[in-house]
1. Going through region 151-177 one residue at a time, which ones are buried (at least 24 other Cβ atoms within 10 Å of the Cβ), out of contact with any Cys (no Cβ under 8 Å at 6 or more places or on another chain), among the hydrophobic types (A, V, I, L, M, F, W, C) and closer than 19 Å to S292 by Cα?
2. If you check K54, K26, which single one turns out to be touching a helix residue (DSSP H, G or I) at 6+ places or on another chain (Cβ under 7 Å), within 30 Å of A209 (Cα to Cα), among the basic types (K, R) and assigned to a loop (DSSP other than H, G, I, E, B)?
3. So which residues in region 285-307 are within 16 Å of the ligand (Cβ to nearest atom) and touching a Leu at 6+ places or on another chain (Cβ under 8 Å)?
4. Could you please let me know if I149 is β-branched (V, I, T), in contact with an Asp or Glu (Cβ under 9 Å, 6 or more places away or on another chain) and within 16 Å of the ligand (Cβ to nearest atom)?
5. Out of the residues in region 208-225 that are part of a helix (DSSP H, G or I) and over 22 Å from the mean Cα position of the chain (by Cα), which is surrounded by the most Cβ atoms within 10 Å (Cβ to Cβ)?
6. Could you check region 241-263 and list, in sequence order, the residues that are under 15 Å from L21 (Cβ atoms) and β-branched (V, I, T)?
7. Of all residues in region 69-112 being assigned to a strand (DSSP E or B) and among the acidic types (D, E), which is surrounded by the most Cβ atoms within 10 Å (Cβ to Cβ)?
8. For region 278-287, state whether one or more residues are modelled with pLDDT of 95 or more, assigned to a helix (DSSP H, G or I) and over 18 Å from the mean Cα position of the chain (by Cα).
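The values are calculated or read from the model by the stated rules, or taken from the named source; none is laboratory data. Please read all numbers here as calculations on a predicted model, not as lab measurements. Neighbour counts run over all protein chains shown; Cβ positions are idealised from the backbone, glycine included.
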Amino acid sequence: MDLEDTLLMMPGPVPVAPRVLRAMSKPMINHRGAEFSAMFDDCREILADVFQTKNDIFILSGSGTAAMEAAVGCTVGKDDVVVALENGKFGERFKDIAARYGKVNALENEWGHSFNLEEVEKKLEEGAKAITLVHNETSVGIQNPAEEIGKLAKKYDALFIMDGVTTLGGDTVKVDDWGVDIAVVGSQKCLAAPPGLSMISVSEKALEAMNEKDALPYYLDLKAHKKSADKSQTPYTPGVPLFFGLQEALHIVKEEGMEARIKRHATGAKAIRTAADAMGLEMFPQLNDEHSHYSNTVSAMKAPEGVSGNDIKKDLMAKGITIAGGQAHLSGKIFRIGSMGNVQPKDIMLTIQELEMTLV
Ligand code: PLP
């Protein structure tokens with residue numbers, strides 16, 4: 001299969017624009033020089049608009065999971081309790097990370113089932129230093145109620161740590177209005193940059209929590225990132241070619257405008273859901289809460305009776321379209337179509353068309 005003819009319709013990595021690829025082939029520069037600092041600040045300025053925040057934003061050389069670990073590892077001590085909300089693979093990952101650094105009080109829902117806010121509140125009532133939430137649970141295609149969880153976190157004075165890995169840059173995220181103390185995103189999702197970088201916003205309150213901890217992770221030390229970022233640098237050698245790619249991708253985001261970008265993502269996902277319904281396919285998420293929604297960036301559908309989701313994936317792959325299957329115990333039971341980043345209506349139309357041909 002010719003890689004250039006392959007359409008990536010998975011929930012990251014996503015297709016990268018040719019101008020982003022070209023930017024990455026520029027000669028290396030001194031990461032302690034003025035040129036890098038200008039690029040770093042330019043990226044952070046555009047990211048502040050994407051995150052809708054005045055908080056500090058750091059850029060880590062490491063994928064989204066690195067930022068998840070930095071968030072928890074820098075704020076949670078061994079006696080601190082983390083309320084970890086799980087309704088899919090990445091909520092489980094936050095829970096597992098929290099267990100490495102502190103004590104976990106998990107709310108474990110069946111994967112794909114929306115959270116009950118009263119149950120979340122009960123967990124917080126028991127006392128917590130932090131609460132973790134995956135805004136868009138990519139593994140099951142559900143969007144969790146970040147704004148409402150933010151209100152609860154504030155009420156119980158818990159740090160609100162949010163994974164916005166598959167919403168930031170593609171859907172509405174209001175870090176400041178929602179009271180998100182730490183928000184994280186990976187480069188390879190809605191921002192449509194190559195994989196390998198993660199971006200993290202950190203509130204004053206979260207920085208204060210870091211001052212109270214006696215030991216922070218070394219490579220993922222966000223206080224070290226703060227010290228360097230104040231001088232428009234990163235603490236260690238960054239993935240310079242990835243920064244070139246990120247800067248170009250962020251300029252594409254800026255040129256499109258976040259409002260138009262969010263609308264494009266919402267329309268694309270709605271088109272997939274409408275087509276799925278017409279094909280008799282059932283969406284996987286179980287929405288029992290008015291604040292939870294189907295994802296606007298990845299659509300998870302149940303495999304039809306007697307068909308494996310992995311076979312659907314294989315059939316589409318043979319046609320040059322890469323979609324995703326189910327993760328962990330959902331392997332074979334569901335399949336997922338990503339529609340994030342630069343994915344265009346024509347890509348969605350082609351995927352729907354080929355999916356229909358596969359199912360007849
Ligand atoms: N969180 C969410 C919601 C994700 O979708 C992913 C990756 O798919 C991650 C975290 C992990 O990111 P990475 O694979 O970049 O470490």
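1. A153, F160, I161, M162, V165, V173, V175
2. Result: K54 is the single residue among K54, K26 that is touching a helix residue (DSSP H, G or I) at 6+ places or on another chain (Cβ under 7 Å), within 30 Å of A209 (Cα to Cα), among the basic types (K, R) and assigned to a loop (DSSP other than H, G, I, E, B).
3. Result: H293, Y294.
4. In short, no.
5. The qualifying residue surrounded by the most Cβ atoms within 10 Å (Cβ to Cβ) is A209.
6. Residue satisfying the conditions is I252 alone.
7. Within region 69-112, the match that is surrounded by the most Cβ atoms within 10 Å (Cβ to Cβ) is E86.
8. yes
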